[in-house]
Amino acid sequence: MSRSIYWKITIPFTLLVLLSMGILGFYMIDSVRNIQVDHLRSHLVKEAKLVADASLPSFLDASRHDSLDAVAKTLGREIDARVTIIAQDGTVLGDTEENPLTMENHSTRPEVIDALASGVGESTRYSTTVGRTMIYVAVPVASQGRVLGIARVALSLATVESAVNSATTTIAWAMVIATLLVIILTAVIARMITRPVRQITKAAEGIASGKLAQQIKIKTNDEIGRLGHTFNEMSLSLKKMMTTIDDERSKLSTVLSSLTDGIVMTDPEGSIVLANPAAERLFNFNEAKAKGQPLIKVVHDYEIDEVLKKCLRTSREQTAQLDSSTGRFLRVIAVPLLAGKLSGVLLLFQDLTEMRNLQTMRREFVGNISHELRTPLAAIKAIVDTLQDGAIDDKQAARDFINKVDVEVDGMTQMVAELTELSRIETGRIKLELEPVNLNLLVKEAITRLSPQAERHKVALLTELSSDLPFVQADKERIQQVMLNIIHNAIKFTPSGGKVVISTEQSRESVIAKVSDTGIGISKEDLPHIFERFFKADKSRSNSGTGIGLAIAKHTVQAHGGNIWAQSEESKGSTFSFSLPL
């Protein structure tokens, strides 16, 4: 509290008032004492002259010198003062208090000497005779210019001190009251002066705590009033500025949040300053905890750290493509932030994993298609060569060869049809012919069509169908194709003696079909990719087929608003399920 401007004003003014009042009181008391002493001295001079006049007849008549002691005692009682009558040689002739015969010669007394020299003598000293401080005034007793003796009047200063003490008490009380009034007035004025400062301070603290647009009431037009007006204007400007900054920050946050590419900003030392959600997901970290940490401690990838260091070292843009520690294939672009000097680096992380996987799958697809086409085309070419070499003349052989050509052409036609269907589904150009469909009927039809194949593979087809399964709106032909595709795969990859179980059930919002087999299963590495276009899990699938059947099934189900998924474990079989909304 003592550090506030209020006390910085009040305390010095209070001390100044106390000092001023003390000096003034001392001066007034000293003045009162001097006035009292001067008044007493003047009074004593008059009385001394009266004593001189009264004692003059006794001095003129030598026979009456003995009566001077009586005169001194009589006059002393009348004027209530000590009266001393002294001869010219200093001999005491009469005294109010003492016997003149026992008193010492007074010729050396200062007041006596001064009286003989100048006509009036005055002295203040402690009297050993009466035991008090006395003021002595002496005047000569003269006749026709001839000095006959000295008349001295003395009075104790106790009277003066009593008057001075009374005046001092009065002055002291007056000064105390005046001092208190001045201190109170000073405190009130200081509070009035500092009130706007306190308001400004409180408003500034509010701004510091985040409560912007603080305003204070201004009632004066002085310097503090102008300071208050300036503060109000500054507060409004700060509010507008912070609003603008918040808007820009919100826009930047929205842009950064919507970016699918990871963004990380570092300072000149390589520590993280900012990161967007995409970067957090890519490297599995939290921005709040990562701020201030070196990049290498957050991404745990020395190749990315090398890109950053090279950018910081050269102040030039750096680009690299690498396999990150997260298992993703990334393109890293490091851009130096230059504002007169290097202030940091902006790192852009583009996840090219899907693109690389797509390129890989396309290459594999081209290889698979080439293989699938090469085999039937080679067979057809061999049949044509055989027919040209004379087999055409053998009608039975020619008919067999033509039938084989027909089978190969049908296989290639089916392959082209699947590719065309996948292309149409992916581009959204298919039109669903929706109608009420009961999945139980589709299961039964699929089993009827695939029973011969199951018998050839010695695989049992079993059903567990819900008895009260509701109808769903679906394209019957396309959902039938999905069902056939999944059951066909289950039969194909289930060893002899195994079984395939097709079941249906109802959930709260959809109907679900499941195809479970006791086949060879799918590895954990391949399971997340089995519905990808062009993908073939070579380790658990035969080399035949194009790898797009399940991709077609996935897009078909999703076009109906449903979902498709798989559960599998190597050597323990697989379960493929899909749902259609009610």
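The values are calculated or read from the model by the stated rules, or taken from the named source; none is laboratory data. Computed from a predicted structure; not experimentally measured. Ideal geometry is used to build each Cβ from the backbone, glycine not excepted, and the neighbour counts take in all protein chains shown. We work out accessible area using only protein heavy atoms, side chains counted, and drop any ligands, DNA or RNA first. Shrake-Rupley method; radii C 1.70, N 1.55, O 1.52, S 1.80 Å.
Restricting attention to the stretch 418-449, report how many residues are surrounded by 14 or more Cβ atoms within 10 Å (Cβ to Cβ), without any contact (Cβ under 8 Å) to a residue 40 or more places away in the chain and part of a loop (DSSP other than H, G, I, E, B). The total comes to 1. Here the strands (runs of 3 or more DSSP E) wholly within the stretch 285-393 that include at least 2 residues being open to solvent by 60 Å² or more (accessible area, probe 1.4 Å) and without any contact (Cβ under 8 Å) to a residue 40 or more places away in the chain are 318-323, 329-338.
Each residue in the stretch 223-251 was checked for being farther than 17 Å from K202 by Cα and surrounded by 14 or more Cβ atoms within 10 Å (Cβ to Cβ), and 1 pass.
Residues in the stretch 302-327 that are among the β-branched types (V, I, T) and either closer than 11 Å to V345 by Cα or touching a Phe, Trp or Tyr at 6+ places or on another chain (Cβ under 7 Å) (or both): V307, T326. For the stretch 255-284, taking the residues that are assigned to a helix (DSSP H, G or I) and of a type outside the set (G, A, S), the one that is surrounded by the fewest Cβ atoms within 10 Å (Cβ to Cβ) is identified as V255.
Across the stretch 281-317, the number of residues qualifying as more than 15 Å from I263 (Cβ to Cβ) and aliphatic (A, V, I, L, M) comes to 3. Within the stretch 47-54, is there a residue that is in a helix (DSSP H, G or I), of a type in the set (V, I, T) and in contact with a helix residue (DSSP H, G or I) (Cβ under 6 Å, 6 or more places away or on another chain)? Yes: the stretch 47-54 contains one or more residues that are in a helix (DSSP H, G or I), of a type in the set (V, I, T) and in contact with a helix residue (DSSP H, G or I) (Cβ under 6 Å, 6 or more places away or on another chain).
Test D38 against the criterion of being free of Cβ contacts under 8 Å to residues at least 60 places away in the same chain and either surrounded by 15 or more Cβ atoms within 10 Å (Cβ to Cβ) or closer than 23 Å to T84 by Cβ (or both), and give yes or no. Criteria met by D38.
When you look at F401, is it among the aromatic types (F, W, Y), touching a residue at least 60 places away in the same chain (Cβ under 8 Å), more than 24 Å from F283 (Cα to Cα) and buried (at least 16 other Cβ atoms within 10 Å of the Cβ), yes or no? In short, no. Of all residue pairs spaced 6 or more apart or on separate chains, those with beta-carbon atoms under 9 Å, a first member in the stretch 161-175 that is touching a residue at least 24 places away in the same chain (Cβ under 8 Å) and over 21 Å from M134 (Cβ atoms) and a second member that is surrounded by fewer than 16 Cβ atoms within 10 Å (Cβ to Cβ) and not hydrophobic (A, V, I, L, M, F, W, C) are M175/G22. Taking the criterion of being of a type in the set (S, T, N, Q) and surrounded by 15 or more Cβ atoms within 10 Å (Cβ to Cβ), the residues of the stretch 93-113 that qualify are T96, S107.
Considering every residue within the stretch 332-355, establish whether at least one is among the aliphatic types (A, V, I, L, M) and farther than 30 Å from E269 by Cα.
Our first condition is that a residue be among the aliphatic types (A, V, I, L, M); within the stretch 332-355, this holds for 332-335, 337-339, 342, 345-348, 352, 355.
Subsequent filtering for residues that are farther than 30 Å from E269 by Cα retains 355.
Yes, some residue in the stretch 332-355 is among the aliphatic types (A, V, I, L, M) and farther than 30 Å from E269 by Cα.
Of all residues in the stretch 153-169, one or more are under 30 Å from V45 (Cα atoms), in contact with a helix residue (DSSP H, G or I) (Cβ under 9 Å, 6 or more places away or on another chain), modelled with pLDDT under 75 and open to solvent by 70 Å² or more (accessible area, probe 1.4 Å). Hey, could you check the stretch 41-58 for residues that are within 19 Å of Q144 (Cα to Cα) and open to solvent by 20 Å² or more (accessible area, probe 1.4 Å) and say which is farthest from the chain's Cα centre (by Cα)? That would be P57. Against the numbered list (1) touching a Leu at 6+ places or on another chain (Cβ under 7 Å); (2) in contact (Cβ under 8 Å) with a residue 60 or more places away in the chain; (3) open to solvent by 40 Å² or more (accessible area, probe 1.4 Å); (4) over 21 Å from H65 (Cα atoms), V120 comes up short only at (1). For the stretch 496-515, what are the residues that are open to solvent by 40 Å² or more (accessible area, probe 1.4 Å) and out of contact with any Lys or Arg (no Cβ under 9 Å at 6 or more places or on another chain)? Scanning the stretch 496-515 gives K499, Q506, S507, R508, E509, K514.
Taking residues in the stretch 41-66 that are free of Cβ contacts under 8 Å to residues at least 60 places away in the same chain, and partners anywhere that are crowded, with 22+ Cβ neighbours inside 10 Å, the pairs with Cβ atoms closer than 8 Å and at least 6 places apart or on different chains are S58/L68; R64/S58; H65/S58; H65/F59; H65/L93. Of the strands (runs of 3 or more DSSP E) lying entirely inside the stretch 450-568, the ones with 3 or more residues being closer than 21 Å to L422 by Cβ and at pLDDT 90 or above are found at 563-568. Of the residues contained in the stretch 377-390, none is found to be more than 30 Å from L330 (Cβ to Cβ) and touching a Gly at 6+ places or on another chain (Cβ under 8 Å).
Okay, residues lined up against (1) touching a helix residue (DSSP H, G or I) at 6+ places or on another chain (Cβ under 7 Å); (2) modelled with pLDDT of 85 or more:
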site	(1), (2)
G94	yes, yes
P100	yes, yes
A115	no, yes
V130	no, no
A138	yes, yes
G149	yes, yes
A172	yes, no
T179	yes, no
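Residues in the stretch 59-92 that are open to solvent by less than 80 Å² (accessible area, probe 1.4 Å) and basic (K, R): K73, R82. Taken over the stretch 467-492, the criterion of being over 60 Å from the mean Cα position of the chain (by Cα), open to solvent by less than 40 Å² (accessible area, probe 1.4 Å) and without any contact (Cβ under 8 Å) to a residue 60 or more places away in the chain is satisfied by Q480, L484, I487, I491.
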